[in-house]
Amino acid sequence: MAAALALAALRVTRRATGAAARLQVREASGVPGGEEVFKAQQAAPGGAAPTIFSRIIDKSIPADILYEDQQCLVFRDVAPQAPVHLLVIPKKPIPRISQAEEQDKQLLGHLLLVAAQTAKAEGLGDGYRLVINDGKLGAQTVYHLHLHILGGRQLQWPPG
């Protein structure tokens, strides 16, 4: 019984220490959870208004487009988080990966293949990271499915 209580106390201490460390990092950034998390908390999860990505697709907003086909396009992120930071977006407006449907399987596979080909073309042969943020808690700031390609330096783990 005493061993079980000691183990439970150790778990609580570890959780509290980890939570305190995460809170200190968040507070040091000046915004709880950092700027991207703040943006995600404020983002509208879908709706009738066009997203910035739909406006890039229709060319009403300029972007540094590296690749385009009938299903998707790839462009450089305007606020890069790594030396190479690209976005792969489908032309079909899927708000979140969690809202993708059975009929989107081919498109989702295409996005991954385009991401791999673009990463190779950008000189990321030594490795890169693909990221999909989903929803408010996943820090999604634009409700149009997009894959981040991050590379050009040693990436750290865990990511967040």
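Within the stretch 72-85, residues that are within 19 Å of Gly125 (Cβ to Cβ) and touching a residue at least 24 places away in the same chain (Cβ under 8 Å) sit with their Cβ atoms under 8 Å from residues that are hydroxyl-bearing (Ser, Thr, Tyr) and open to solvent by 20 Å² or more (accessible area, probe 1.4 Å), at 6+ positions apart or across chains, in these pairs: Val74/Tyr67; Val84/Tyr128.
Identification of strands (runs of 3 or more DSSP E) wholly contained in the stretch 61-117 with 3 or more residues that are open to solvent by less than 80 Å² (accessible area, probe 1.4 Å) and of a type in the set (A, V, I, L, M) yields 84-90.
When Asp126 is tested against (1) acidic (Asp, Glu); (2) within 17 Å of the chain's Cα centre (by Cα); (3) farther than 18 Å from Gly34 by Cα, only condition (2) is not met. Being closer than 12 Å to Leu73 by Cβ, touching a helix residue (DSSP H, G or I) at 6+ places or on another chain (Cβ under 7 Å) and not basic (Lys, Arg) is the filter here; which residues of the stretch 87-123 pass it? Of everything in the stretch 87-123, those that are closer than 12 Å to Leu73 by Cβ, touching a helix residue (DSSP H, G or I) at 6+ places or on another chain (Cβ under 7 Å) and not basic (Lys, Arg) turn out to be Val88, Ile89, Pro90.
Against the criterion of being in a loop (DSSP other than H, G, I, E, B), closer than 16 Å to His144 by Cα, modelled with pLDDT of 70 or more and open to solvent by less than 80 Å² (accessible area, probe 1.4 Å), Ile56 does not qualify. Looking at Pro50, is it under 24 Å from Phe38 (Cβ atoms), modelled with pLDDT under 95 and surrounded by 13 or more Cβ atoms within 10 Å (Cβ to Cβ)? Yes: the conditions hold for Pro50. The set of residues from the stretch 143-155 being assigned to a loop (DSSP other than H, G, I, E, B), at negative phi and not aliphatic (A, V, I, L, M) comprises Tyr143, His144, His146, Arg153, Gln154. Look at the stretch 116-142: where a residue is at negative phi and a partner is charged (D, E, K, R), sitting 6+ places away or on another chain with Cβ atoms under 6 Å, you get Asp134/Arg96; Gln140/Asp134; Thr141/Lys39.
Within the stretch 118-142, being open to solvent by less than 40 Å² (accessible area, probe 1.4 Å) and either small (Gly, Ala, Ser) or part of a helix (DSSP H, G or I) (or both) holds for Thr118, Ala119, Gly127, Gly135, Gly138, Ala139. Cβ separations smaller than 7 Å between residues 6+ apart or across chains give the following pairs from the stretch 39-60 residues that are closer than 16 Å to Ile97 by Cα and hydrophobic (A, V, I, L, M, F, W, C) to residues that are open to solvent by 70 Å² or more (accessible area, probe 1.4 Å) and at pLDDT 70 or above: Ala40/Lys136.
The values are calculated or read from the model by the stated rules, or taken from the named source; none is laboratory data. None of these values were measured; they are calculated from a predicted model. Don't worry about glycine lacking a Cβ; one is built from the backbone with ideal geometry, like all the others, and counts go over all protein chains shown. In case anyone asks, the SASA skips ligands and DNA or RNA and just uses the protein heavy atoms, side chains included. Shrake-Rupley method; radii C 1.70, N 1.55, O 1.52, S 1.80 Å.
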